[in-house]
Amino acid sequence: GCFLLWFFFARGLPSEQMLLQYRAPLPTMVRDVDGMPVASFARERRVALTYQEYPPQLVHAFISAEDKTFFTHGGLDYPGIAAAIIHNWRNRCTDKRPRGASTITQQVAKNLLANNDVAISRKIREAILAKRIERAFTKQQIMELYLNGIFLGRNAYGVQAASRAYFAKDVKDLDLPQMAFLAILPKAPANYNPDRFNRRAVERRNWVLGEMAQNGYITPAERDAARAQPLVAVIPAVARSDTNLPGNSYIEAVRRELLDRYGETAADGPNSVYAGGLWVRTSLDPKLQAAAEQALRDGLVRYEGGGSWNGPGMRIDPGPGWQGRLAAANYGTGYPAWHAAVVLSKYGGAAQLGFMDG
């Protein structure tokens with residue numbers, strides 16, 4: 001009976017051999033005529049590093065926050081599961097948050113499954129897959145998969161991408177409080193948004209620092225100094241394409257040709273545009289392209305003679321909320337000194353303009 005139950009839940013799960021062939025989705029990088037990166041195509045912002053490239057202190061932060069016994073358990077934390085069951089049973093009639101017991105290995109398994117099974121079925125499949133992952137990989141390899149694949153908000157998949165998204169730094173340049181902050185994000189990135197919920201994020205970050213000290217990874221003095229630091233993240237970039245970049249139309253033509261050749265996702269093949277990690281060399285020369293575009297733009301301005309631009313799609317509703325509609329409009333201003341604007345009203349020989357950048 002136990003064998004049949006195990007076989008039922010294990011159906012369709014990747015074998016250990018299949019696990020060894022797993023590769024996380026990576027973006028396609030486009031380079032110019034000199035080999036310099038000029039664009040990338042990706043559904044997920046991700047930068048894969050090796051385990052050795054992650055600072056030990058950052059690994060300690062994630063272990064302290066997510067899975068203290070990671071390097072000693074076999075994929076499942078049985079004492080933690082028992083403690084979570086007892087805790088949740090005792091607090092079943094209260095408003096206290098249920099306690100989980102997922103290990104880092106189980107979180108890697110969850111990312112690999114990526115399905116919508118009901119909770120109990122999914123947890124059982126995660127547990128089976130976690131045991132297979134432990135047999136197929138070393139602990140360092142599992143941690144590498146985890147740190148490269150976990151979603152941490154701001155469209156960042158993996159700690160390196162998150163480090164750049166929140167602090168505009170590579171992981172090797174993070175300080176201790178910044179490492180502890182990133183370690184609080186796997187459970188619910190939106191709940192610890194440093195802009196909207198800064199106090200909550202700081203409290204949770206400080207808890208991680210306390211766990212690191214308790215586990216012997218940092219000293220009490222280091223803990224106290226890190227706790228005293230404010231949490232300041234960079235302002236996230238506006239999610240819109242920059243149509244003023246030289247060769248933007250050329251890059252779009254490259255993207256479409258790649259899609260025709262290789263497809264979009266991993267389901268289309270190992271060299272897909274949004275998952276295959278392609279490196280594409282093009283004939284684009286940004287300096288010549290910029291000069292050509294400038295010459296064309298100057299000619300168009302002279303031709304228009306100062307009249308209004310009559311291009312398609314250049315009309316939006318000037319009513320309430322026009323700022324969002326203007327920001328979403330897919331066009332470039334042309335010259336660096338020019339600013340995007342919308343005509344809000346006209347009276348006599350004058351017009352009231354609204355500028356997206358204030």
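The values are calculated or read from the model by the stated rules, or taken from the named source; none is laboratory data. Computed from a predicted structure; not experimentally measured. Glycine also receives a Cβ, built like all others from the backbone with ideal geometry; neighbour counts cover every protein chain displayed. The accessibility values were calculated without ligands, DNA or RNA, using every heavy atom of the protein model including side chains. Shrake-Rupley method; radii C 1.70, N 1.55, O 1.52, S 1.80 Å.
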Original post:
When HIS87 is evaluated against the numbered criteria (1) closer than 29 Å to TYR54 by Cα; (2) modelled with pLDDT under 70; (3) open to solvent by less than 50 Å² (accessible area, probe 1.4 Å); (4) not aromatic (Phe, Trp, Tyr), which criterion, by number, is the only one it fails?
Top reply: (1)
Original post:
Residue check: is ILE235 assigned to a loop (DSSP other than H, G, I, E, B) and either at pLDDT 75 or above or under 30 Å from THR28 (Cα atoms) (or both)?
Top reply: yes
Original post:
Restricting the search to region 273-300, which residues are touching a Leu at 6+ places or on another chain (Cβ under 8 Å) and either closer than 23 Å to VAL33 by Cα or charged (D, E, K, R) (or both)?
Top reply: VAL273, GLY276, GLY277, LEU278, VAL280
Original post:
Taking ALA221 and the conditions (1) closer than 29 Å to PHE71 by Cα; (2) of a type outside the set (Lys, Arg); (3) modelled with pLDDT under 95, which numbered condition does it fall short on, given that it satisfies the others?
Top reply: (3)
**OP:** Return the pairs, sorted by first residue and then second, in which the second residue is among the small types (Gly, Ala, Ser) and exposed (fewer than 15 other Cβ atoms within 10 Å of the Cβ), the first residue lies in region 31-48 and is in contact (Cβ under 8 Å) with a residue 60 or more places away in the chain and farther than 14 Å from TYR157 by Cβ, the beta carbons are less than 8 Å apart, and the residues are 6+ apart or on different chains.
**Re:** VAL33/SER283
Subject >> Filter result (on the phi < 0 side of the Ramachandran plot, in a loop (DSSP other than H, G, I, E, B) and loosely packed, with under 10 Cβ neighbours inside 10 Å) within region 216-231 >> reply: ALA228, PRO230
Subject >> Subset of region 176-195 (residues that are more than 12 Å from VAL232 (Cα to Cα) and in contact with a helix residue (DSSP H, G or I) (Cβ under 9 Å, 6 or more places away or on another chain)) >> reply: LEU176, MET179, ALA180, LEU182, ALA183, ILE184, LEU185, PRO186, LYS187, PRO189, ASN191, TYR192
Original post:
How many residues are open to solvent by 30 Å² or more (accessible area, probe 1.4 Å) and not in a helix (DSSP H, G or I) if we restrict to region 275-298?
Top reply: 4
Original post:
Given the structure, is THR50 farther than 23 Å from LEU185 by Cβ and modelled with pLDDT of 80 or more?
Top reply: no
Original post:
What are the residues in region 188-215 that are over 20 Å from the mean Cα position of the chain (by Cα) and either open to solvent by less than 60 Å² (accessible area, probe 1.4 Å) or among the acidic types (Asp, Glu) (or both), if any?
Top reply: VAL202, GLU203, ASN206, VAL208, LEU209, GLY210, GLU211, MET212, ALA213, ASN215
Original post:
Restricting the search to region 136-168, which residues are outside any helix (DSSP H, G or I) and open to solvent by 60 Å² or more (accessible area, probe 1.4 Å)?
Top reply: THR138, PHE151, ASN155, ALA168
Subject >> Tabulated pairs, region 290-302, first touching a residue at least 60 places away in the same chain (Cβ under 8 Å), second of a type in the set (Phe, Trp, Tyr), C-beta under 9 angstrom, 6+ apart or interchain >> reply: none
